[in-house]
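J.: Following this message is one structure expressed as structure tokens.
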Amino acid sequence: MEGATTLSELLRFARSRLTVPYIDDPALEARMIVEHFSGASRAEAISSPNRLIPAEALAAIDAALRRRLAHEPVHRIFGHREFYGLDLLLSPETLEPRPDTETLVETMLPVISETVARKGECRILDLGTGTGAIALALLSEVERALATGVDISEDALETAALNAGRVGLGERFTPLRSDWFANIFERFDAIVSNPPYIPAKHIDNLQADVRDFDPRRALDGGEDGLDAYRLISEGAHRCLAAGGTIGVEIGYDQKDAVTGIFQRAGYRLIKAVRDIAGNDRVLMFQESRPEDA
């Protein structure tokens, strides 16, 4: 891109650059990048196609296109992503929140709301909180809910705390550094988690956008992808309040295996939910009652 460049020319150029096999929708991503760095709106692309783009914006767009062609996801380039209507900052040690995980939020919301109606509040523990996406989405929908976001990464906790402040939920969100339940000494009405669930041997075969940019610790579920579910099912008993609920995201083929892990630990499956693509995505458990044994 040299000399004076109009908005329409820039959009065509960016789409051409991003027309490569590993980008599913080059037109969409081109528009996102151009809009982000030029400040132009979607409406302006139609109403003012001949608007000239300043040189500094052209340089920023060119740099962003280079990063995208090196497989860096668009939202990583931007440094933030929307999740459940919340604009959340990303950082190197946070998983990029994705729409599939909104299924976990939707599944847990009725439980959180019912608990608030019954007890006056609902205490939520978000294991592996990352950006804080799950906890903050739940808090944004239920006013008297409180959440503790646990992560082993200081970077992730700093990011989650910043996000809580950005969306006006800082007073109801507490970041806590802990290796799973190690530093948890209270009980919660709900435990939620999108844990690492990719088998270690499969990580190198993931798309470069995920493999090279999401933190490996947030992906690697151990040899069979199920290590985190074992840890959660074994440690939750001392941290889950009576009648409390556990909600976890799972891989598309892990429903039976994860259900078995929790059942052996003394939990019963109360709900299984598929995502918008029709894949098994969320499982909800409660401690087994005597009559369930």
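The values are calculated or read from the model by the stated rules, or taken from the named source; none is laboratory data. All figures in this text were calculated on a predicted structure; none of them were measured in a lab. Cβ atoms come from the backbone with ideal geometry, glycine included; neighbour counts cover every protein chain shown. These area figures cover heavy atoms from the full protein model, side chains too; ligands, DNA and RNA do not enter into them. Shrake-Rupley method; radii C 1.70, N 1.55, O 1.52, S 1.80 Å.
J.: May I ask you to list the residues in the range 88-97 that are open to solvent by 30 Å² or more (accessible area, probe 1.4 Å) and either touching a Pro at 6+ places or on another chain (Cβ under 6 Å) or not in a strand (DSSP E or B) (or both)? Before you say what the answer is, go through the steps one by one.
T.: The initial filter retains those residues of the range 88-97 that are open to solvent by 30 Å² or more (accessible area, probe 1.4 Å), namely 89, 92-93, 95.
Hits for the range 88-97 are Pro92, Glu93, Leu95.
J.: State which residue pairs qualify: first residue of a type in the set (Val, Ile, Thr) and inside the range 55-70, second residue open to solvent by 30 Å² or more (accessible area, probe 1.4 Å) and assigned to a helix (DSSP H, G or I) in any location, beta carbons under 6 Å apart, and separation of 6 or more residues or different chains.
T.: Ile61/Phe37
J.: Among the residues of the range 226-261, how many are open to solvent by less than 10 Å² (accessible area, probe 1.4 Å) and within 18 Å of the chain's Cα centre (by Cα)?
T.: Qualifying residue count for the region: 8.
J.: Among the residues of the range 161-172, is any closer than 21 Å to Val282 by Cα and out of contact with any Asp or Glu (no Cβ under 8 Å at 6 or more places or on another chain)? Outline the logic, then answer.
T.: Here is the first cut: in the range 161-172, the residues closer than 21 Å to Val282 by Cα are none.
Taking every residue of the range 161-172 in turn, none turns out to be closer than 21 Å to Val282 by Cα and out of contact with any Asp or Glu (no Cβ under 8 Å at 6 or more places or on another chain).
J.: Quick one: in the range 180-212, of everything that is touching an Asp or Glu at 6+ places or on another chain (Cβ under 9 Å) and among the acidic types (Asp, Glu), which residue is most open to solvent (accessible area, probe 1.4 Å)?
T.: Asp212
J.: Out of the residues in the range 17-36 that are among the acidic types (Asp, Glu) and part of a helix (DSSP H, G or I), which is farthest from Leu7 (Cα to Cα)?
T.: First, pick out the residues of the range 17-36 that are among the acidic types (Asp, Glu): 24-25, 29, 35.
Still in the running and part of a helix (DSSP H, G or I): 29, 35.
Working: Glu29: 15, Glu35: 9 Å.
If we take residues in the range 17-36 being among the acidic types (Asp, Glu) and part of a helix (DSSP H, G or I), then Glu29 is farthest from Leu7 (Cα to Cα).
J.: Inside the range 98-197, counting only strands (runs of 3 or more DSSP E) that do not spill past its ends, which hold 1 or more residues that are touching a residue at least 24 places away in the same chain (Cβ under 8 Å), under 14 Å from the mean Cα position of the chain (by Cα) and closer than 25 Å to Asp214 by Cβ? Lay out the reasoning, then the answer.
T.: On the way: elements: 122-127, 145-151, 173-177, 188-193.
In the range 98-197, the matching strands (runs of 3 or more DSSP E) lie at 122-127, 145-151, 188-193.
J.: When you go through Ser47, Ser16 one by one, which is the residue that is without any contact (Cβ under 8 Å) to a residue 60 or more places away in the chain, small (Gly, Ala, Ser) and closer than 15 Å to Leu69 by Cβ?
T.: It is Ser16.
J.: Another one. Which condition breaks for Ala27 when tested against (1) farther than 16 Å from Asp209 by Cβ; (2) in contact with an Asp or Glu (Cβ under 9 Å, 6 or more places away or on another chain); (3) not aromatic (Phe, Trp, Tyr)?
T.: (2)
J.: Looking at (1) surrounded by 13 or more Cβ atoms within 10 Å (Cβ to Cβ); (2) more than 30 Å from Gly251 (Cα to Cα); (3) in contact with a helix residue (DSSP H, G or I) (Cβ under 9 Å, 6 or more places away or on another chain), find the lone condition where Glu9 falls short.
T.: (3)
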